[in-house]
Amino acid sequence: MGLVALPGGSAVDPALIGAQAAADFEQELVDQYALAMSAAGLTDRHIGGTRAIVIEFARSLSTPLWEATCADADAFLAQQRRMGLSVSTRAGKAGALAGFYEFVIARYEGAIRRTTGVLVEQPIDEFNRQSGASLGKVRVPPSDEEIDSLFTAWRGSVTQARKYLPAARDYFAASLWRRLGLRINETVMLDIRDWRPDLGEFGKLHVRHGKGSGGRGPKPRLVPGINGANQLIDWWLAEVRPQYGEDWADPDAPLLPSERFDRDLDRCGRVGANALRRALGIQVDEWLPAWSGRMTPHVLRHYCASSLYAAGMDIKALQELLGHQWLATTSGYLHVRSDHIERAWNSASDRVEARLGLRTD
């Protein structure tokens, strides 16, 4: 029996003699999977992260990758939990491994079986795959009264702050999360040109760096300046942003600048996400201590969705506003405000009462 040709163009010794041959074969599998992901348009960051996870799993094994079993995956994921990794991180690693093995089984199973006699199995199944951070975890946003109290006090403190400009910027950013449900990374990547007051009734923000799915890069969308956001943006651009410097007239300058000036680009630098998170935490500690350590930009995103839903916005419009690929994701933001269970209960109670009324007659 000669060498077995693989789809990637390489060849493997039938007996896979020696550790080096097995290692070369494993590397071929990983490289070909990376090439396939690249062909599918996935980002370099996603590809690199997936490669790292597969290699981490390979190093946990005492056998080659193609001999991994569900028991091996059980042990690997259990170790990840003992290391203190979050549910969402473990779910991401399980998903990456499942995708890799789907690829190996689809493209290489025959060659591996002929070469090694091993039947490749999918080690990630419904029993050991992590369910993700959101499953079974209800994220209850603050009440309208709590949010109004926080932002009213925050707004009043801005003019008294030791540094007015960053204080106003931090309030402006948090207000975008509250009113439009923007993600924090989408917010920091906004440029001045991204506000288009000429589009639609309320103007629109061009969110160029929206979160894509499955590592497929940014997913742009247009977000209308509803919920008072248009007035907020007009205030920022007219009264505050020009005080940062002459770059306020540069359409490519960041909408939310840092205090540092980028001399290479001749404009303000871009504020970092950590600075905005830290500012939110400080204000919550001061004005809404009941939410200290729990209020995050993503909680404000949930609040925005649930409050707009309560005000009558339909779920499809919310899906588009938030930039979700799946309607089911949007629905997970709304269950707190949904009253369909209560309405169903009342309706059922009315029917029971009606039946009992008929019987007494």
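Nothing in this text is a laboratory measurement; each read-out follows from the coordinates by a stated rule. Because the structure is predicted, anything quoted here is derived from the model rather than measured. Backbone-built Cβ (ideal geometry, glycine too); neighbour counts: all protein chains shown.
Side notes on the structure shown:
- Note on R155 and A238: their simple-model spin labels are 1.5 nm apart, each label 7 Å out from Cα toward Cβ.
- As a length-normalised measure over Cα pairs under 8 Å and 6 or more apart, the relative contact order of the chain settles at 14 percent.
- Where labels lie 7 Å past Cα in the beta-carbon direction, separation of D144 and R263 in nm: 5.3 nm
- Listed residue (A23, A52, T63) projecting farthest to the positive dipole end of the stretch 8-116, Cβ model: A52
- 16 Å reach of a label modelled at A317, 7 Å along Cα-to-Cβ, counting backbone N of the stretch 171-198: 179-181
- Distance violations [Cα-Cα > 27 Å] among K211/K316; K163/K204; K93/K204; K93/K316; K163/K211: K163/K204; K93/K204; K93/K316; K163/K211
- Cut-off 16 Å (backbone N to label point 7 Å along Cα→Cβ of E201), residues of the stretch 221-254: 223-231
- Here each label is just a point 7 Å from Cα along the line to Cβ, and for T63 and R129 those points are 2.2 nm apart.
- Where a label projected 7 Å from the Cα of A106 along Cα→Cβ would reach, residues of the stretch 40-69 with amide N under 17 Å: 40-43, 47, 50-51
- With Cα atoms, 0 to 90° folded angle of helix 164-180 axis to the chain main axis: 70 degrees
- Gap separating the Cα centres of the stretch 180-196 and the stretch 69-133, nearest whole Å: 37 Å
- Acute angle (nearest 10 degrees) that the helix 144-158 long axis makes with the longest principal axis of the chain, alpha-carbon atoms: 70 degrees
- Contour minus Cα-Cα distance for I55 and D31 (0.36 nm per residue): 7.5 nm
- In degrees, nearest ten, helix 44-60 long axis to first principal axis of the chain (Cα): 50 degrees
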